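Have a look at the structure below, then the notes.
What follows is calculated from the coordinates using simple rules that are stated; it is not laboratory data. Since this is a predicted model, take the numbers as computed values, not measurements. Cβ: placed from backbone, ideal geometry, glycine included. Neighbour counts: every protein chain shown.
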Amino acid sequence: MQKTGVRIGREIVLCGARTCGLYSAFGRTRWRTQRLLILGYHGISLWDEHEWRPGLFLTPDQFAFRLESISRIGCAVLPLDEALSRLATHTLPPLSVVITFDDGFFNFFSSAFPILKRFGYPATVYQTTFYAGWNQPIFHLLCHYLLWKASGKIIESHGMTGRNGSFDLRTEEGIDAASVEIRNFARQAGLSPEERQRVAKNLADSVGVDYEEISRRRLFHLMNREELSRMVESGIDIQLHTHRHRVPASKDLFLKELADNRKFLRDIGQPGATHFAYPSGIYRDEVFPWLVESGIRSATSCDTGLATSRSKLLCLPRFVDTSQISNLEFESWLCGLRDVLPSRTSVRRVRSLLHRLTARTNNDSSV
């Protein structure tokens with residue numbers, strides 16, 4: 001991964017801060033103890049998905065190293081419900097962390113859960129459920145992945161869209177445009193799930209990729225009913241993420257998404273789903289009363305930051321971790337320093353921030 005000048009500068013500052021002991025000192029402050037870091041993940045790569053979308057997938061080794069950092073630094077990893085209760089009552093232990101996963105890919109069952117179990121850490125999975133019940137690859141992810149696998153090629157478009165012409169896959173923009181066209185065609189044509197899979201297979205054949213191999217590896221499958229039931233039995237907290245991974249503008253449709261989602265979870269052994277994550281992190285103010293009406297206690301977004309007792313429970317911030325985040329920056333989020341660090345700053349300014357912070361041990365003002 002090529003780093004920008006800003007990112008390189010930030011890494012230098014963070015390296016200096018950690019070398020000077022500021023990570024450790026910051027983590028021990030009352031300011032950090034009064035805050036909760038909710039970590040957000042999506043997928044753990046089973047093959048080369050982390051190369052395709054580093055912002056969505058980590059490798060198993062990367063995820064294990066993250067948990068090693070959490071353990072070495074001495075973070076308290078809490079279940080989501082307990083963490084939110086303790087956040088509200090100002091009884092969080094130092095360096096409190098919650099681990100969450102969105103979507104509920106099969107790779108959570110096969111890769112993430114064994115690593116979490118090795119460390120003894122709890123986790124919450126915000127599970128979208130349509131594809132969990134159907135047990136086929138998620139169409140739009142699979143199509144974009146197949147187009148990415150064909151990078152540098154020009155392929156005929158007719159087998160995927162019915163349009164005579166071609167897809168130019170020699171640039172990222174061309175890949176994205178082809179993916180959008182295929183997805184829009186499937187939606188406008190009202191293709192059934194089975195018909196969409198046939199389109200995906202046609203695409204795989206066109207680009208010379210083995211569709212059956214991808215399906216066998218379950219790269220883009222969600223956990224199925226049996227796997228989800230096993231996760232619940234193993235202590236994994238399965239919570240709400242809508243049934244079809246969308247937030248409709250209509251109240252009735254939105255409430256139906258939650259009802260369908262909750263029913264599916266009830267059927268696999270999770271009767272008390274009261275926490276929610278917004279699909280793609282997108283939320284609107286008008287959905288807040290709808291969530292309350294549905295008995296939702298909390299909702300996490302993809303807004304970056306640490307949660308405090310003053311945070312709105314229906315749009316809690318998280319830090320979404322990706323393959324593009326260095327271990328140095330990840331640890332700066334664990335100790336809380338990164339949350340107050342401007343994009344452009346110096347080690348001297350970091351020292352000043354820490355001095356101001358520790359001088360306010362009886363005041364929870366923001367830095």
Q | Sorted by Cβ neighbour density within 10 Å, fewest at the top, the residues HIS275, HIS144 | A | HIS144, HIS275
Q) How would you rank GLU156, GLU181, GLU173, going from fewest to most other Cβ atoms within 10 Å of each one's own Cβ? A) GLU173, GLU156, GLU181
Q: Compare the Cα positions of PHE26, PRO60, ILE44 along the charge dipole of segment 1-80 (+1 at Cβ of Lys, Arg; -1 at Cβ of Asp, Glu; about the Cα centre) and return the one farthest towards the positive end.
A: PHE26
Q) If you wrap a convex hull around the Cα atoms of the chain, how much volume per residue is inside, in Å³? A) 140 Å³
Q) Roughly what % of DSSP beta bridges within the chain run antiparallel, to the nearest 5? A) 15 percent
(Q) How high is the relative contact order of segment 1-99? Use alpha-carbon pairs under 8 Å, at least six apart in sequence, and give a whole percent. (A) 34 percent
Q. In the chain, what is the count of Lys pairs whose alpha carbons are under 25 Å apart, counting only pairs at least 8 residues apart or on separate chains?
A. 6
Q: Could you tell me which of rounded, prolate or oblate describes segment 139-217, using a ≥ b ≥ c as the square roots of the eigenvalues of the alpha-carbon gyration tensor, with rounded for a/c under 1.5 and, failing that, prolate when a/b is larger than b/c and oblate otherwise?
A: oblate
Q: Just check segment 1-153 against the gyration tensor rule for me: Cα atoms, a ≥ b ≥ c as the square roots of the eigenvalues, rounded for a/c under 1.5, and otherwise prolate or oblate depending on whether a/b exceeds b/c.
A: oblate
Q: Putting +1 on Lys and Arg Cβ atoms and -1 on Asp and Glu Cβ atoms, find which of ILE214, SER85, THR129 reaches farthest to the positive end of the dipole of the chain.
A: SER85
**Q.** Residue order, fewest to most beta carbons within 10 Å, for HIS90, HIS140
**A.** HIS90, HIS140
**Q.** Contour excess over end-to-end distance, with Cα ends at ARG310 and ARG198 and 0.36 nm allotted per residue
**A.** 35.4 nm
Q) Of the listed peptides 220-231, 189-200, what is their order by residue-averaged count of other C-beta atoms within 10 Å, with the highest listed first? A) 220-231, 189-200
Q | Pairwise label distance in nanometres, SER110 with GLU213, each label 7 Å out on the Cα-Cβ vector | A | 1.4 nm
Q. Which value, in debye to the nearest 20, describes the size of the charge dipole of the chain about its Cα centre when Lys and Arg Cβ atoms bear +1, Asp and Glu Cβ atoms bear -1, and nothing else is charged?
A. 1480 debye
**Q.** Linear extension gain, GLU156 paired with ALA249, 0.36 nm per residue minus alpha-carbon span
**A.** 29.9 nm
